Amino acid sequence: MASRDSSYSTHLIDGDGIFNVAGIETFMKEVKLAECGLSYALVSIMGPQSSGKSTLLNNLFGTNFREMDAFKGRSQTTKGIWMARCAGIEPCTLVMDLEGTDGRERGEDDTAFEKQSALFALAVSDIVLINMWCHDIGREQAANKPLLKTVFQVMMRLFSPRKTTLLFVIRDKTRTPLENLEPVLREDIQKIWDSVPKPQAHMETPLSEFFNVEVVALSSYEEKEEQFREQVANLRQRFHHSIAPGGLAGDRRGVVPASGFSFSSQQIWKVIKENKDLDLPAHKVMVATVRCEEIANEKYAAFAANEEWCKLEETVQSGPITGFGKKLNSLLDVYLSEYDAEAIYFDEGVRSAKQKQLQEKLLQLVQPAFQSALGHVRSGTLDKFKETFDKALERGEGFSEAANNCIEFCMAQFDKACADVVIEQANWDTYKVREKLQRDIDAHVASVRAAKISELTSSYEEKLKESLSGPVEALLDGANSDTWPSIRNLLRRETESAVLGFSSAVSGFDMDEDTRQKMILSLEDYARSVVEGKAKEEAGRVLIRMKDKFTMLFSHDSDSMPRVWTGKEDIRAITKTARSASLKLLSVMAVIRLNDNDTDNIEKTLAVALVDSSNSAANKSITMVDPLASSTWEQVPSSNTLITPVQCKSLWRQFKTETEYSVSQAISAQEANKRSNNWLPPPWAIVALVILGFNEFMTLLRNPLYLGLIFVGYLLVKALWMQLDVSGEFRNGALPGIISLTSKFIPTIMNLMKKLAEEGQNPANNNPQRNQSKINHNALTRNAVSSSASSNVTSLDNEKEHSSPSKYE
Ligand SMILES: Nc1nc2c(ncn2[C@@H]2O[C@H](COP(=O)(O)OP(=O)(O)OP(=O)(O)O)[C@@H](O)[C@H]2O)c(=O)[nH]1
């Protein structure tokens, strides 16, 4: 169909009753109907065929409906229902031109379409124009009577219809004034209304309940066109702002929002075609449901594709976003507001429900991003806490104080950051994330506390080890009756000092009393274990210690000077003393005695079993029960045993075997010394020598030459005696003395001769005083060397091996 400048029309329902879906969609877009909300009106026109309906609409609304050519005669022009937008009328007014109701072409059988189209027009229109000829008023066989009957009948099929304006347009009015015509017409209408069968509920309902009846009369378009146009122009004025209260379309109760018009009209037509009753309120809800759903889906899709949101969603995966909540809030607001704006005219219940659904869907969409943002806040706060806490500890703040201050500060920071992330519409709880953060922080504090305490414990253990190990070793080495009491005192003193220091150091860690006590106990146990460990270590080398002890006492005198076995020493007593000391050491080392009430008779048992019994066995051969034939000590728990009785016995045997050599060496040395000191001949030989050699002796004394020779010989022998240190060489026995003297004799003679020759050549050296001091010096040196050489019996052989003539130069 051609269209006029300001009008656009569409064939809404064709002659076969097919709804033109594409046509209405295009029409709505063309006239921008969806934007109108509720501000639009819909006018329909019914009436007999060829009664000038299209002519009226075109003149009244500036539409472009096809009119019948007057010269071709009356025949049906309009098929089905056409729709157009009225030009120049505000608000937007749509008009529907219905197929004539009594057309000859369709006949009686087609009345069904007339009824359907009448019902459709009543259901969707605000104003229905009933076009009728003036001369039909008051006539029994008037052409519009069946039409009105149809209108009233279908009206009953609408549940809770809104009040529609029925504007009767009387065409080709006569000279009879309208004031006279109108009552007659209203009487005709009332008669028809009364004659229409009604359901029980509307039996007494007056016509005015359903319809607002208006009447207007127009002159003949064909005969009095001028007047016609003038009257039409006046009538047009009534359509301006028709939706205002009191206007022609004043009842707005059942209006479907413009954006739902297409769907609504399709559905209504569908229901009418199916010959079902039309429940307009239910229909309205249905339209609202569908339309709100559509709008909500549109908004959801638009949000999901929104560039800003996509960027936000992507960025939040990799890091925190400042003002995340605010940005998302405003974005959500935009789309929810758009929904509200578009769905505002639909049923409120439906609209709210769909809005809620949309909001839920949108929030579901953004929730992962929100969780990511919240996760960044949580991890960021945790990192911040770790950093702040470390710094506070570095500054020297007390542990608990630092932890509490940092927790308070960081939790406040978290709350602040959460407020920046929170999405107002969602009202999501951040409590769980806060709790997780709190748990993480607590775990971190606990781990740092554990590390610090472990560090402290280690340092105190180290100190304890240092302060106990050396002294315990020294005390055990001393091995006397005070050894274990001293060790106990040392352990007590050092443990108390460590516990005091440790307690003070951990006081800032906000530790519960139980844990603190456990740690102190553990420290005390550690101290004890150090002593026990040291004792075990020393017990492991008890044999060496015993031998050292023996050697120390056996080879040194009471002044700790190396012993010289001159023959006067009581080797038996010395050996006994040294062995006793070694046995004492063994008894001290045998068990751990760290408790004040630790008592045992190990020393006595060892003495009886190892010393006394051996003497008895040797002397008296008495058979007795061996107290050392056991692996436990009486009164001593096995945990405190370091050396079992059996081990003691074995160790003693080994000790004795390994020290026996030293004793026998000492005895040999002593015997040899005794023999070497006894070099004079026996007294009877001396007496015999004096008696028998008396004459020769007197001869020598009476001859001065012999006396001089004897004197010179004496001096020479004396000098050699001194030079060779003959008495010193024989101190260790005759044989070693002879061997040593033999090796020294020839070099000494040679040396003396060389010196005498040098002195003969250099008279300056013939100073008797100087020579004497030199001799004295040499004598002193020899004495010192000799003393050193004889300092240790066991080193005697070595001394012999390494001594050489050059040592005495
Ligand atoms: N007597 C008279 N004839 C008119 C008037 N207005 C229009 N006509 C004529 O009536 C004939 C039918 O006009 P339409 O406007 O096509 O009538 P219609 O009711 O739309 O026809 P259908 O759509 O076929 O039902 C045309 O020849 C018009 O010239 C009028 O006011 N009086």
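The values are calculated or read from the model by the stated rules, or taken from the named source; none is laboratory data. This structure is a prediction, so every number in the text was calculated from the model and none was measured. All Cβ positions, glycine included, derive from the backbone under ideal geometry; neighbour counts span all protein chains shown. Ligands, DNA and RNA are excluded from the accessible area calculation, which covers all protein heavy atoms including side chains. Shrake-Rupley method; radii C 1.70, N 1.55, O 1.52, S 1.80 Å.
Worth a mention:
- The condition (being open to solvent by 60 Å² or more (accessible area, probe 1.4 Å), over 30 Å from Phe324 (Cβ atoms) and out of contact with any strand residue (DSSP E or B) (no Cβ under 9 Å at 6 or more places or on another chain)) is satisfied by just one residue among Lys416, Lys452: Lys452.
- Matching residues in the stretch 32-64 - criterion: being within 16 Å of the ligand (Cβ to nearest atom), open to solvent by less than 10 Å² (accessible area, probe 1.4 Å) and not in a helix (DSSP H, G or I): Val43, Ser44, Ile45, Met46, Gly47, Pro48, Ser51, Thr63
- Checked across the stretch 267-279, the condition of being surrounded by 21 or more Cβ atoms within 10 Å (Cβ to Cβ), among the aliphatic types (A, V, I, L, M), at pLDDT below 90 and within 17 Å of Thr93 (Cβ to Cβ) holds for no residue.
Every residue, every condition in (1) more than 18 Å from Ile45 (Cα to Cα); (2) open to solvent by 30 Å² or more (accessible area, probe 1.4 Å); (3) more than 16 Å from the ligand (Cβ to nearest atom), yes or no:
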position: Ser208; (1), (2), (3): yes, yes, yes
position: Glu214; (1), (2), (3): no, yes, yes
position: Leu218; (1), (2), (3): no, no, no
position: Glu230; (1), (2), (3): yes, yes, no
position: Gly246; (1), (2), (3): yes, yes, yes
position: Arg253; (1), (2), (3): yes, yes, yes
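- Residue check: Thr77 meets all listed conditions (1) assigned to a helix (DSSP H, G or I); (2) near the ligand (Cβ under 7 Å from one of its atoms); (3) modelled with pLDDT under 80 but one, namely (1).
- Every condition in (1) part of a helix (DSSP H, G or I); (2) open to solvent by 60 Å² or more (accessible area, probe 1.4 Å) is met by Cys310 except one, and the failing one is (2).
- Among (1) open to solvent by less than 90 Å² (accessible area, probe 1.4 Å); (2) in a loop (DSSP other than H, G, I, E, B); (3) within 16 Å of the ligand (Cβ to nearest atom), the one test that Glu222 misses: (1)
- One residue stands out among those in the stretch 189-206 that are of a type in the set (A, V, I, L, M) and open to solvent by less than 10 Å² (accessible area, probe 1.4 Å): the one that is nearest to Gly138 (Cα to Cα), which is Ile189.
- The one condition from (1) assigned to a helix (DSSP H, G or I); (2) more than 23 Å from Ser486 (Cβ to Cβ); (3) not assigned by TED's automatic domain parsing to the domain that holds Leu651 that Lys547 does not meet is (3).
- Any chance Met96 is assigned to a strand (DSSP E or B), modelled with pLDDT of 90 or more, within 13 Å of the ligand (Cβ to nearest atom) and buried (at least 19 other Cβ atoms within 10 Å of the Cβ): yes
- Among the residues of the stretch 494-549, those that are in contact with a helix residue (DSSP H, G or I) (Cβ under 7 Å, 6 or more places away or on another chain) and without any contact (Cβ under 8 Å) to a residue 60 or more places away in the chain comprise Glu494, Thr495, Ala498, Val499, Gly501, Phe502, Ser503, Ala505, Val506, Arg516, Ile520, Glu524.
- Restricting the stretch 13-31 to residues that are assigned to a loop (DSSP other than H, G, I, E, B) and in contact (Cβ under 8 Å) with a residue 60 or more places away in the chain, the residue that is nearest to the ligand (Cβ to nearest atom): Gly15
- Flag if Arg175 is within 30 Å of Arg291 (Cα to Cα) and either within 16 Å of the ligand (Cβ to nearest atom) or modelled with pLDDT under 90 (or both): no
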